[in-house]
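Right, one structure below, let's go through it.
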Amino acid sequence: QVRLVESGGGLVQPGGSLRLSCAASGSIFSIYTMGWYRQAPGKQRDLVATITRPGSTTYAGTVKGRFTISRDNAKNTVYLQMDSLKPEDTAKYYCNSADSRLAWGQGTQVTVSS
């Protein structure tokens, strides 16, 4: 079973940047298209970015041009570089496969506020 551990969240001012990391146990991670999700209080969990094993990416319209997803298959890690952050990006961020078939990790909180 793949275990996912997210890190890198924090409090940042509008316009700032953060880089999230998701470390996965088990080499089976490399076969999945991975994604970053986010969930704000009282809202559903949304998929914001995906990356295939070779590195093709997709983004939700709300983050396109500001967020960059990447992965290091040798390290079983997926990243989310977040730039030009806005208050509406405030949420808990999670990684999972693009079809969310893996067990969810604890997530990492991102708060964008002045």
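The values are calculated or read from the model by the stated rules, or taken from the named source; none is laboratory data. Please read these numbers as outputs of a predicted model, since none were measured by experiment. With ideal geometry, Cβ positions are generated from the backbone for all residues, glycine too; neighbour counts draw on all protein chains shown. The accessibility values were calculated without ligands, DNA or RNA, using every heavy atom of the protein model including side chains. Shrake-Rupley method; radii C 1.70, N 1.55, O 1.52, S 1.80 Å.
Things worth noting here:
- Accessible surface for the chain, divided over its residues, is 51 Å² per residue with a 1.4 Å probe.
- Evaluated over the chain, the count of Lys pairs having alpha-carbon atoms less than 21 Å apart is 5 (only pairs 8 or more residues apart or interchain).
- Residues of the range 42-80 with amide N under 12 Å of a point placed 7 Å along Cα→Cβ from THR33: 49-59
- For the range 67-114, the Cβ-based charge dipole about the Cα centre amounts to some 160 debye (Lys, Arg positive; Asp, Glu negative; other atoms uncharged).
- Computed Rg/Rh of the chain, alpha carbon atoms with Kirkwood Rh: 0.94
- Gain on full extension, evaluated as 0.36 nm per residue between LYS75 and SER114 minus their Cα-Cα distance, stands at 10.6 nm.
- Gyration tensor (alpha-carbon) shape descriptor, the range 1-63, a/c threshold 1.5: prolate
- Extension gain (nm, one decimal) between GLN44 and SER56, 0.36 nm per residue minus Cα-Cα: 1.8 nm
- Size of electric dipole in the chain: Cβ of Lys, Arg +1 and of Asp, Glu -1, about Cα centre, debye, nearest 20: 100 debye
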